[in-house]
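Encoded as structure tokens, the structure appears first; notes follow it.
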Ligand SMILES: NC(=O)c1ccc[n+]([C@@H]2O[C@H](COP(=O)([O-])OP(=O)(O)OC[C@H]3O[C@@H](n4cnc5c(N)ncnc54)[C@H](OP(=O)(O)O)[C@@H]3O)[C@@H](O)[C@H]2O)c1
């Protein structure tokens, strides 16, 4: 019986996904009862009004609340009566380690951090991608090593068919920073590019569609290239000095603040290719 505390994007999508994989979903508790009800409708399960009610009907509890709420919630649950048939508590944060659930761990319960490496949106769309998703588990850290850390989650993900990665707890912040750059800042970069297309006179309504083949072919090249630098095209790779000078000039005129970012990204590009022909211009 799987239950979720936190009926947001991740909780709703995982509930739907695990249900499709044949697991029984007990239900949801959330700060806002209406949100718990919405998630229950998706998963044909119960909306609990309190956490103790949820605990009574769970064997595996996923804590899918916002990052900042995990630690406090873990502590709060550890002060409640927890039925002995609860097998595990799992949070899904990419930045917090399993230490966030230390009070529960100290009470003898299995605790895990299982971060799904994907960006969740609408639950129905998210579950289509969840089959391919890797879940990253923290490795055991010193403080927790005496507790019950075992293959429980690995066995669980064998049943769902998901791949599992493990990460040293101490490296988790760096790991999450990498995921943020890949996902969030890609959106930021694209937004910056779309704004420039618009300023260049392109009709706003066609920008996304017109640039999709460029974006999709770039992503395909990245995924399929054995070396990142092989996915790169453009003036820095070609060493086209005049082109880069023109870019910097137009940025200075129209959106000067972006020229700093252009230069910094250009330097990163040179580091990747180990080709510093345009160093003078980008410094
Ligand atoms: N979004 C992603 O793409 C993604 C990807 C990987 C991992 N994660 C991780 O997954 C976790 C959940 O993220 P999310 O995107 O699903 O967030 P979200 O959509 O904002 O949902 C969080 C849910 O937690 C509930 N909540 C917050 N504090 C609570 C508390 N004290 N008690 C009970 N419920 C509480 C909220 O309740 P109400 O709505 O009822 O107020 C909300 O429904 C986070 O740790 C996040 O880092 C997210």
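The values are calculated or read from the model by the stated rules, or taken from the named source; none is laboratory data. It should be emphasised that the depicted structure is a prediction, and the values quoted were computed from it without experimental measurement. Glycine gets a Cβ as well: all are built from the backbone with ideal geometry, and neighbour counts include every protein chain shown.
Among the residues of segment 82-94, is there at least one that is over 20 Å from the mean Cα position of the chain (by Cα), surrounded by fewer than 17 Cβ atoms within 10 Å (Cβ to Cβ), within 16 Å of the ligand (Cβ to nearest atom) and modelled with pLDDT of 95 or more? The answer is no; no qualifying residue exists.
When residue 62 is tested against (1) within 13 Å of the ligand (Cβ to nearest atom); (2) surrounded by fewer than 22 Cβ atoms within 10 Å (Cβ to Cβ); (3) within 27 Å of residue 151 (Cβ to Cβ); (4) touching a residue at least 40 places away in the same chain (Cβ under 8 Å), exactly one condition is not met: (2). Of everything listed in (1) in the same structural domain as residue 93 (by TED's automatic domain parsing); (2) modelled with pLDDT of 90 or more, the single unmet condition for residue 191 is (1). Between 152, 134, the distinction of being modelled with pLDDT of 95 or more, in contact with a strand residue (DSSP E or B) (Cβ under 6 Å, 6 or more places away or on another chain) and either surrounded by fewer than 18 Cβ atoms within 10 Å (Cβ to Cβ) or not assigned by TED's automatic domain parsing to the domain that holds residue 103 (or both) belongs to 134 only.
Looking across 104, 72, one residue alone is within 22 Å of the chain's Cα centre (by Cα) and either within 15 Å of the ligand (Cβ to nearest atom) or without any contact (Cβ under 8 Å) to a residue 40 or more places away in the chain (or both). It is 72.
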